[in-house]
Structure formats: C-alpha cells, structure tokens
1. Can you name every residue in the range 59-91 that is among the charged types (D, E, K, R), over 20 Å from TRP257 (Cα atoms) and open to solvent by 70 Å² or more (accessible area, probe 1.4 Å)?
2. Looking at LEU132 and the list (1) more than 26 Å from VAL198 (Cα to Cα); (2) in contact with a Lys or Arg (Cβ under 6 Å, 6 or more places away or on another chain); (3) within 16 Å of ligand 2 (Cβ to nearest atom), which single condition is not satisfied?
3. Does the range 222-236 contain any residue that is within 21 Å of ALA274 (Cα to Cα), outside any strand (DSSP E or B) and under 17 Å from the mean Cα position of the chain (by Cα)?
4. Restricting to the range 83-128, and then to whatever is within 18 Å of LYS189 (Cα to Cα) and among the acidic types (Asp, Glu), can you tell me which residue is nearest to ligand 1 (Cβ to nearest atom)?
5. Can you tell me how many residues in the range 105-118 are within 10 Å of ligand 2 (Cβ to nearest atom), open to solvent by less than 20 Å² (accessible area, probe 1.4 Å), in a loop (DSSP other than H, G, I, E, B) and within 14 Å of PHE86 (Cβ to Cβ)?
6. Identify all residues within the range 5-30 that are open to solvent by 50 Å² or more (accessible area, probe 1.4 Å) and closer than 15 Å to LEU262 by Cβ; write none if there are none.
7. Give me the residue from the range 94-104 that is in a strand (DSSP E or B) and surrounded by fewer than 22 Cβ atoms within 10 Å (Cβ to Cβ) and, out of that set, nearest to the chain's Cα centre (by Cα).
8. Let me confirm something: among PHE223, PHE243, PHE264, which residue is modelled with pLDDT of 95 or more and under 26 Å from PHE71 (Cα atoms)?
Amino acid sequence: MTAAPISEVDAPSQHFEVHPFDAPVGAEVVGLDISKPINTEDFARIHRAHLAHHVLVFRDQQITPQEHIDFSRRFGPLEIHVLHQFQLKNHPEILIVSNIKENGEPIGLGDAGVYWHSDISYKPNPSLGSLLHAQELPSEGGDTLFADQHLAWESLSPELQQRILPLKAEHSYLAKYEELRAKNPWRPKLSQAQIDQVAPAVQPVVRTHPETGRKALFVSEHFTTRIVDLPQDESDALLAELFAHSVKPEFVYRHKWALHDLVFWDNRSLMHLAAGTPDHLRRRLNRTTIVGGTPF
Ligand code: OGA
Ligand code: MN
C-alpha cells in the first residue's frame, strides 16, 4: 500500500483571519495558502465566511490550475462551460477569461460578464459559486463588480415584494449572444450541439438561499428574457425596474485585481459585472464554476 497523503482532517490549522471590506459585501481571507492542505475545521470556517460575506478574496495565491480545481471541488461538482473552445488545455473544468488574441485567435472569453448576471442562471441547475484566479492583469481597468441580491430584495417596497414573490422568469444563454457576436466577431458561432446544451430555463424571480434561508432577487440583464405569464410590455417594464434596482451602488463591492488574487463569489447571493478593459491591454483569468442546486 502507498502511504496516504496528509489527510485534510489531520492537516495543521493555517491560522488565517477574515477581514470584512468596508463595502456591502466581501471579505479578505488573510494568511491562508490554498496550495497547502486545508483541514476540515479550516474549511468549515472558509465556508461560513463565504456564506456571511458572499465574496471572498484570497490574495497572492501561487496555485496551479489543478490546485484551483481541487479547492473549488470541495464546494461541489464543477461545470464544464458550453464554450469548450476556451477550456484550458488538459483542464476542461477551467474556462479562460481573457481578451488576449494569439495569432489572431482569442485564447479565452474576452467579453465575459459585460452585462450584470449570475453565472449559469440559464441552466436548470445554475452555479453555486465561481472562482476566478488572476494570471495577467492590465495596468488600468479590468475591475469586477459584485451586487448583493439579498439587499436588493430586502430593500424593495412590501407591495413590490408581494407582487414578484410568486413570479417566474425565463433565462437564456442566447439572449444576448448574437448582439455580443456582432460587437465581438471573434465570439464563436455556436454549433447545434452547443445550442442544444443551453435550452432556456425557468427560474423563480426571488430565490431562497439553500444554506442561509435568505431571499434574493434572481433576474439579470444578461440572461433574463421575460417574466412568465405576463404580457410582454408588463414583463419588460417590471424587468427594467428590477434590473435598475438590483445594482444600485449601495449593494455593490468593486474588486480591483492584483496578480494571483483568487476571488470566490456566491452566485446564489450576488450578481457580477466586468467593468471593462481597454482593448490594447492584456487581461487573463482562469475560472472554475461550481454547479449548484435547482433554485427555489
Ligand atoms: C466570469 C465573469 C467578470 C470579469 O468570469 O464569470 O463574469 O471581470 N467575469 O472578468
Ligand atoms: Mn460571470
């Protein structure tokens, strides 16, 4: 028999701290090295911090793609993104998010997140959370914004809360695809097999976080196409009102990236947005996406 690796249970504690940001959401985890074993107790603290702060920032993580995948997997199974063109070689669980072109070909998804969204909300089982690891950063721009959808829900008027609580909405990966492809012709034309993988899904407009029980708004500019069972004009007006409300500055944390940051957010609690990178500057991050349960 080969010797077992140090088990996660027995690994020494890493003595890290959680420092909340001066922002509606987010905290930095200081003193944790994700390339080292994380014991069960430390893992439980990270998990609790994630539920409390919704976005955790681990600075200066010198981790390999496999270590990024292994850490992500402790929270659940990983999604393989429909744009298989942008998988990291030999690591299909990693989606390359990058505006870099090599020999005229994009190496990654260059316009990920240019509209507010929650990852994979267009599938029956959307994402629990995603982890981005910064590989190469521009000298300016490239921030990512996160908006707290619990606060968005809680700050609606009781009348509007009552009105939207029973509603469902359709989410579609294809909602903005052709519009984005017209702006960014490098976006691949989807094959029929890819289109079949992203049939629209119907989601509750207000979801309940499965671990904390808190309600959150769950509609987005990027993927939500219509409220089911409402006339088109009413649906459009209500969605416009909810989109505008859901991303008010008082719900938002703006992340300014540093090299080797690993940022782990909760897609059940937050929406996020890429603020944008000037075209002539290079930006590249690796993303893993954890599969979540069916929203309710
Ligand atoms: C993503 C995403 C935003 C960014 O990778 O899911 O939306 O700032 N990225 O790159
Ligand atoms: Mn995203």
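The values are calculated or read from the model by the stated rules, or taken from the named source; none is laboratory data. Everything numeric in this text was worked out from a predicted model, so none of it was measured. When we count neighbours, we look across all protein chains shown, and the Cβ atoms used for this are built from the backbone with ideal geometry, even at glycine. Heads up: the accessible areas ignore ligands, DNA and RNA and are worked out on the full protein's heavy atoms, side chains in. Shrake-Rupley method; radii C 1.70, N 1.55, O 1.52, S 1.80 Å.
1. ASP70, ARG73, ARG74, LYS89
2. Going through the list (1) more than 26 Å from VAL198 (Cα to Cα); (2) in contact with a Lys or Arg (Cβ under 6 Å, 6 or more places away or on another chain); (3) within 16 Å of ligand 2 (Cβ to nearest atom), LEU132 breaks only (1).
3. Scanning the range 222-236 turns up at least one residue that is within 21 Å of ALA274 (Cα to Cα), outside any strand (DSSP E or B) and under 17 Å from the mean Cα position of the chain (by Cα).
4. Among residues in the range 83-128 that are within 18 Å of LYS189 (Cα to Cα) and among the acidic types (Asp, Glu), the one nearest to ligand 1 (Cβ to nearest atom) is ASP111.
5. 1
6. Passing the criteria: only VAL30.
7. Looking at residues that are in a strand (DSSP E or B) and surrounded by fewer than 22 Cβ atoms within 10 Å (Cβ to Cβ), I get LYS101.
8. The match here is PHE264.
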